[in-house]
Amino acid sequence: MTADQMTPPEGVTSPEAYVFDAYGTLFDVHAAVRRHAGAMGPEAQAFSDLWRVKQLEYTWVTSLMGQYRDFSALTDEALDFCLARFPQVDKALRDPLLDAYRQLDCYREVPGVLASLKATGVKIAILSNGTPKMLNEAVEAAGLDGLIDDIFSVDVLQIYKTAPAAYALVTTAYDLAAPDIAFQSSNRWDIAGAKAFGFTCHWINRSGAPEEYASLQPDRVFSSLEGLVGSHAAETG
């Protein structure tokens, strides 16, 4: 399956809700480091990549151990690891980096795509590992307040995606069957988890990453969220 596949699979009907992962899908997880890249030096991108990797690793490890720590705490701990791994980066940047992470830039197409989908009358929601406080701050900072109907955080469950219970937060709240919900994520592991749960899945493959999780294929692949608008129009037309 290639990026920006626009032909709806046979038998697919228009979703009743569009649910978005937050970090990496709506919000650019590398924006925090980018704001301070000049002060961080040539290792800034490697630092940012590792911060993201460790943040996610900690969610899976703590979930498997049954020793939940919220996403804000894990983000802080992942940053501390990176500061130790890259000793040339000034540790005085710790607080500015965390502040920047709380107010990440959204991707440029996000406001327009959400507005277009919302205008069709479907529900628009976020389902994220982030804490409610983190997510509310990010949505407000990006000016998306009026475009999001609901924010679902795994914090209420104290277990992270890809646990089925995380995806069930949405089906329970909306009283919808899983296939009637379109789930969007840039994280292929998240798409695999959502597909296993039964959602209609759109992988937002911004980086052109290779396919994986072959037994849990997304329904469509797009290089940005803009592909959703044409896809939804085709399904409802």
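The values are calculated or read from the model by the stated rules, or taken from the named source; none is laboratory data. All of these numbers come straight from a predicted model, not from anything done at the bench. Note: ideal-geometry Cβ built from the backbone for every residue, glycine included; neighbour counts use all protein chains shown.
Of everything in region 33-55, what is in contact (Cβ under 8 Å) with a residue 60 or more places away in the chain and either touching a Ser or Thr at 6+ places or on another chain (Cβ under 7 Å) or within 15 Å of Y160 (Cα to Cα) (or both)? Give them in sequence order.
Of region 33-55, the ones in contact (Cβ under 8 Å) with a residue 60 or more places away in the chain are 33, 35-36.
Answer for region 33-55, where residues must be in contact (Cβ under 8 Å) with a residue 60 or more places away in the chain and either touching a Ser or Thr at 6+ places or on another chain (Cβ under 7 Å) or within 15 Å of Y160 (Cα to Cα) (or both): just V33.
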So K161, is it out of contact with any Phe, Trp or Tyr (no Cβ under 7 Å at 6 or more places or on another chain), at pLDDT 95 or above and surrounded by 22 or more Cβ atoms within 10 Å (Cβ to Cβ): yes
A115 vs. criteria of a type in the set (A, V, I, L, M) and surrounded by fewer than 16 Cβ atoms within 10 Å (Cβ to Cβ): yes
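Provide a single number: the residues in region 82-104 that are under 22 Å from the mean Cα position of the chain (by Cα) and buried (at least 19 other Cβ atoms within 10 Å of the Cβ).
The initial filter retains those residues of region 82-104 that are under 22 Å from the mean Cα position of the chain (by Cα), namely 82, 97-104.
Among the residues that remain, those that are also buried (at least 19 other Cβ atoms within 10 Å of the Cβ) are: 82, 97, 101, 104.
Here the count works out to 4.
When you go through A192, A166 one by one, which is the residue that is part of a helix (DSSP H, G or I), within 24 Å of L104 (Cα to Cα) and free of Cβ contacts under 8 Å to residues at least 60 places away in the same chain? Give the steps one after another, and end with the answer.
Values: A192 fails: within 24 Å of L104 (Cα to Cα).
One residue alone meets the criteria, A166.
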Elements of type helices (runs of 4 or more DSSP H) contained in region 13-131, each with 2 or more residues being more than 17 Å from L144 (Cβ to Cβ): 31-35, 37-40, 44-65, 71-85, 94-102
In region 124-143, the residues that are surrounded by fewer than 20 Cβ atoms within 10 Å (Cβ to Cβ) and in contact with a Leu (Cβ under 7 Å, 6 or more places away or on another chain): I124
